[in-house]
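Just so it is clear, none of the values below were taken in a lab; they were calculated from the coordinates. Since we're looking at a predicted model, the values are computed, not measured. Glycine gets a Cβ as well: all are built from the backbone with ideal geometry, and neighbour counts include every protein chain shown.
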Amino acid sequence: MSNRLTKLSAWLTKENIEAALITSPDNIFYLTGFRSEPHERLLALVAFQEKEPFIICPAMEKADARNSGWEYEIIGYQDTDQPWDFMEQRIKARIPDIQQGAIEKNHLNVQRYEELITRFPGIILQDAEPILNELRMLKTAEEMASIRKACELADFAVEVGVSEIAEGKTELDLIATIEYEVKKKGVSGMSFDTMVLTGVNAASPHGTPGISRIKKGDFVLFDLGVIYEGYCSDITRTVAFGDISSEQQKIYETVLSAQEAAVNAVKPGVLAKDLDRIARTHIQNAGYGEFFPHRLGHGLGISIHEYPSITATNPLNMAAGMVFTIEPGIYVPDVAGVRIEDDVFVTENGVEVLTKYPKSLQIV
Ligand code: MN
Ligand code: MN
């Protein structure tokens, strides 16, 4: 059994829980190595304290599940089958009268929850997500190799985007070229919809790219990431097109110094909330506190947002092996939007910055 699955089983034993039903594709990938996006179809891993685990998946994916290295039972079902019947039967064959189960409370939908409590009346359900989040938070050397490569490709993607900036091109023009070039490098998917925002659009932290045309005196903000061997990267760079105003420059320099101060403070033992505070204080002191409306950063790995969350209230100690983003921003409506985001890895002694595209103000 994989080391990760063994840890989940050990947790079940410790908590006196007889079985865990795992349905989020990211956790299934983490625990089994099988990557699948089943959409509305049921994909599940059922793990036990000691009994043999099994995967239930659409029949057409059974071969993929086997090829991923999964050595235990795989139940493939047809679209005309009722997969819950198969699941109920396999669970009851292992544990006839199950009392305690675990699910992912933030993932299992109400319909599936009702299916479960109808088939296993009286079952008490605990949340398996905290233990999985905790396990996933500390990356192995193997995971880091994939994340480093994803970050390298994200740097390349920004480089492509910046080199494509020209008067009159739209945000979507730049996105099309970026994604074309990274896919030619073997990237199968982006971590999320690539964001290129220009001018007033850049002043919205989660703006939607469209047909706005780049013009002189605007910032162009790139926020993107790629998935490599199942692991995500996430980078933001903001560059100036032509001359910008002194206020735009001040905003840029404030974000940059806040970002660098937080990055430089990363080491084992520092608290998540202290990292947020370092950057936030910097931005507040420059008079832009109200224009930084989000947390400093988020963990990333198999999911684009995972633990740890770098917020003003999280007392979590940073530890060697964690990977997260540091991404302060200032968004002043009708003036400018600037965000600078790096992915960082906590080492035994300090920090390794994984995304390396230059950060000093670039005027193209
Ligand atoms: Mn981002
Ligand atoms: Mn991010």
GNM of the chain, Cα pairs under 10 angstrom: of 114, 253, 88, the biggest fluctuation goes to 114
Taking amide H positions as placed in the peptide plane 1.01 Å from N, state which residues far from residue 354 in sequence (5 or more) or on other chains have amide H under 5 Å from it.
343, 344, 345
Under a plain spin-label model, where a point goes 7 Å from the Cα along Cα-to-Cβ, how far apart in nm are residue 363 and residue 59?
6.6
Report, ordered by chain and residue number, the lysines lying within cross-link reach of residue 185, taken as a straight Cα distance under 23 Å and ignoring same-chain residues fewer than 8 apart.
149, 356
Determine, for 72, 180, the number of other Cβ atoms within 10 Å of each Cβ, and report the residues in order from fewest to most.
180, 72
Local charge sum around residue 156 (other residues, Cβ-Cβ under 9 Å, Lys/Arg +1, Asp/Glu -1)?
-3
Which value in Å does the Kirkwood hydrodynamic radius of region 206-263 take, with 1/r averaged over all unlike C-alpha pairs and then inverted?
13.6
Residue by residue through region 335-341, which ³J(HN,Hα) values in whole Hz follow from phi under the Karplus form 6.51 cos²θ - 1.76 cosθ + 1.60 (θ = phi - 60°), with glycine and proline marked x?
10, 5, x, 9, 9, 10, 10
Expressed in nm to one decimal, what extension gain is obtained for the pair residue 320 and residue 267 from 0.36 nm per residue of sequence separation less their Cα-Cα distance?
18.3 nm
What does the charge count near residue 167 come to, summing +1 for each Lys or Arg and -1 for each Asp or Glu among other residues with Cβ under 9 Å from its Cβ?
+4
Ascending count of other beta-carbon atoms within 10 Å, so fewest first, for 198, 313
313, 198
I'd like the FRET efficiency for residue 208 and residue 114, computed as 1/(1 + (r/R0)^6) with the beta carbon distance as r and R0 of 45 Å, rounded to 0.05.
0.80
Taking only the alpha-carbon atoms of the chain, what semi-axes of the equivalent ellipsoid follow from 5 times the gyration tensor eigenvalues under a square root, in whole Å, largest first?
42, 23, 18
Take the alpha carbon atoms of region 49-103, find their center, do the same for region 337-359, and report the distance between the two centers in whole angstrom.
41
Sort 234, 274, 334 by Cβ crowding within 10 Å, fewest neighbours at the top.
334, 274, 234
Please compare each pair in 250/359; 183/215; 139/184 to a cut-off of 21 Å on the Cα-Cα distance and tell me which ones are over it.
183/215; 139/184
The equivalent-ellipsoid semi-axes of region 237-327, taken as the square roots of five times the Cα gyration tensor eigenvalues and listed largest first in whole Å, are 26, 15, 11
Once residue 246 and residue 184 are pulled to full extension, the length gained, defined as 0.36 nm per residue separation minus their Cα-Cα distance, is 18.4 nm
